1. Can you name every residue in the stretch 177-204 that is more than 16 Å from Asp162 (Cα to Cα) and open to solvent by 40 Å² or more (accessible area, probe 1.4 Å)?
2. Can you pull out every residue in the stretch 205-228 that is open to solvent by 50 Å² or more (accessible area, probe 1.4 Å) and within 16 Å of Ser150 (Cβ to Cβ)?
3. Of the conditions (1) open to solvent by 60 Å² or more (accessible area, probe 1.4 Å); (2) touching a residue at least 60 places away in the same chain (Cβ under 8 Å); (3) not in a helix (DSSP H, G or I), Ile52 clears all except one; give me its number.
4. Looking only at the stretch 143-176, which residues are part of a loop (DSSP other than H, G, I, E, B), crowded, with 19+ Cβ neighbours inside 10 Å and not polar (S, T, N, Q)?
Amino acid sequence: MASELILVIEDEPNIREIVTLYLQRGGYQVHAVEDGMQAKQWLNEGSPDLIIMDLMLPGVDGYQLTGMIRSRSDVPIIMLTSRREEVDRIAGLEMGADDYVVKPFSPQELVSRVRAVLRRTRPLAGDSIEPVITLGPLIIDPNTREVTVSGTVCDLTAREFDLLHLLAANPRRVFSRDQLLDRVWGSSDYIDPGTVTVHIRRLREKIEADASKPVHIITVWGVGYRFDP
């Protein structure tokens, strides 16, 4: 049975209760709060394995909270957003969220997303050791999920790491955005392909010497992206 601790930040009582119930049924420990201030206070002492937060929180909103969390932790974050807030979803991803689920949503789907994110970020004991990818100053270690450039550790979200590792492990292979959604996000259904574009931009800003003139993560116009060693 799962034992990971999930922090749920949701101001709508019904949604908060339903999410908590389904996560507990899935075997997870849950700590639920109703706003950003409560979340900040709890995070000063608590250490969750994953955070689920509503983007539009009263007081300290999801943007501010994500920025604060990312300044000190790479804990996976799944955002709950409204279907009408496409711009907000993209902004949330740019702030460092790993995934989003659109309201109204299936509680079972949310639990499945949680399982998938935790599975990617926490390999099981006994898993085989994967080779470290070394490309000049860029080093990608899938075992520690650490990326360094010229000895400096890059602060990547779980989803950014998965995307970079997939591309770098398949040098010069071109992936379409739908293929990347399927391989990294687990599905291309109901996910805005712009999500890939946002993550590619963030990766370039973190690993390329000049993000405006990338030499590793290359756009293949009309097709997708490839990684050049």
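The values are calculated or read from the model by the stated rules, or taken from the named source; none is laboratory data. None of these values were measured; they are calculated from a predicted model. Don't worry about glycine lacking a Cβ; one is built from the backbone with ideal geometry, like all the others, and counts go over all protein chains shown. Each accessible area value is taken on the protein alone, full model and side chains, heavy atoms only, with ligands, DNA and RNA left out. Shrake-Rupley method; radii C 1.70, N 1.55, O 1.52, S 1.80 Å.
1. Once the filter is applied, which keeps residues that are more than 16 Å from Asp162 (Cα to Cα) and open to solvent by 40 Å² or more (accessible area, probe 1.4 Å), the stretch 177-204 yields Asp189, Tyr190, Pro193.
2. Within the stretch 205-228, Glu205, Lys206, Ala209, Asp210, Val215 qualify.
3. Result: Ile52 passes all but (1).
4. If the condition is that a residue be part of a loop (DSSP other than H, G, I, E, B), crowded, with 19+ Cβ neighbours inside 10 Å and not polar (S, T, N, Q), then Leu156 is the only one that fits.
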